[in-house]
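Everything below concerns the one structure shown next.
The values are calculated or read from the model by the stated rules, or taken from the named source; none is laboratory data. What you are looking at is a predicted structure, and each value in this text was computed from that prediction instead of being measured. Reconstructed Cβ throughout: ideal geometry from the backbone, glycine too, with neighbour counts over all protein chains shown. Just so you know, the surface numbers come from the protein's heavy atoms only, side chains and all, with ligands and any DNA or RNA stripped out. Shrake-Rupley method; radii C 1.70, N 1.55, O 1.52, S 1.80 Å.
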Amino acid sequence: MPQSSYLRLGVNVDHVATLRNARGGAFPDPVRAALLAIEAGADGITAHLREDRRHIRDEDMARLRREISKPLNFEMAATDDMVAIALDTRPHACCLVPEKRSERTTEGGLDVIGGHDHLRIITAELLKAGVRVSLFIEPTLEAVRASRSIGAPVIELHTGAWCDSLTHHQSERAARELVRIKAAAVLASGQGLECHAGHGLDFATAKIVAGLPEIVELNIGHFLIGEAVFIGLKAAIAKMRAAMDEGRAKAK
Ligand code: PXP
């Protein structure tokens with residue numbers, strides 16, 4: 001897989017829907033946020049239809065598919081119900097993620113070893129329908145190898161533990177986590193997998209990950225929507241784009 005000098009930005013609009021659902025009305029509208037994000041330079045839109053529909057709802061996903069001009073990345077659990085919706089929606093891509101009802105957000109990567117056979121069937125079904133599949137995994141060599149054997153062309157490395165260690169000023173843990181991310185990205189790219197990364201990224205961490213040339217796409221949501229409260233969504237995305245470009249310029 002050739003390494004790309006351009007790093008794509010996928011903007012996750014889940015938390016616009018979180019805000020909307022807090023009041024049960026129609027605004028703020030996640031589709032409007034997606035259209036604005038594209039105007040501001042997003043290369044794609046990500047949305048996670050959770051089983052409990054706590055933020056994005058079926059109708060949001062359908063509207064995103066109809067109304068946005070850039071690729072839609074449909075995040076979902078690897079269940080038959082979700083596969084049926086994805087096959088109906090036909091997004092550009094599906095990102096398979098683990099899902100627990102009690103979690104606040106996607107807490108870990110997929111169990112690509114224990115769930116290997118199940119994930120292989122679902123991946124094949126989606127690929128056959130022309131939907132690109134990515135697996136959201138922990139940044140470990142074992143998980144990268146298992147993903148390849150599952151047959152997914154893309155992996156997304158979970159950067160949450162690394163970002164969390166930085167938030168809590170755990171510098172040694174952060175250094176270890178970043179080494180894991182780098183090693184997983186190098187192995188993935190060497191094995192012909194397209195490598196993405198995401199979860200918990202902000203301006204500073206996105207700039208660092210942008211320095212890893214094997215990674216060709218970042219998916220970022222919560223921080224951008226939070227930052228939009230202060231500086232507006234377009235400005236937040238423009239600032240993220242600039243941070244990513246700056247980090248990418250230093251990529252070796
Ligand atoms: N990538 C995946 C697979 C995710 O599950 C999430 C969270 O929904 C993100 C990226 C974005 O994470 P955050 O909202 O922390 O930027």
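Whether any residue in region 106-123 is among the small types (Gly, Ala, Ser) and in a helix (DSSP H, G or I) is what I want to check.
no
So residue 145 fits all but one of (1) open to solvent by 10 Å² or more (accessible area, probe 1.4 Å); (2) over 27 Å from residue 39 (Cβ atoms); (3) within 16 Å of the ligand (Cβ to nearest atom); (4) in contact (Cβ under 8 Å) with a residue 40 or more places away in the chain; what number is the exception?
For residue 145, the exception is condition (3).
Would you mention how many residues in region 1-42 are in a loop (DSSP other than H, G, I, E, B) and either open to solvent by less than 70 Å² (accessible area, probe 1.4 Å) or among the small types (Gly, Ala, Ser) (or both)?
Of the residues in that region, 12 qualify.
Of all residues in region 209-235, which are farther than 19 Å from residue 74 by Cα and touching a strand residue (DSSP E or B) at 6+ places or on another chain (Cβ under 9 Å)?
209, 210, 212, 214, 215, 233
Just wondering, is there one or more residues in region 199-207 that are under 19 Å from residue 6 (Cβ atoms), within 16 Å of the ligand (Cβ to nearest atom) and over 17 Å from the mean Cα position of the chain (by Cα)?
no
Tell me whether region 229-237 contains one or more residues that are within 16 Å of the ligand (Cβ to nearest atom), open to solvent by 30 Å² or more (accessible area, probe 1.4 Å) and of a type outside the set (A, V, I, L, M, F, W, C).
No, there is no match, as no residue in region 229-237 is within 16 Å of the ligand (Cβ to nearest atom), open to solvent by 30 Å² or more (accessible area, probe 1.4 Å) and of a type outside the set (A, V, I, L, M, F, W, C).
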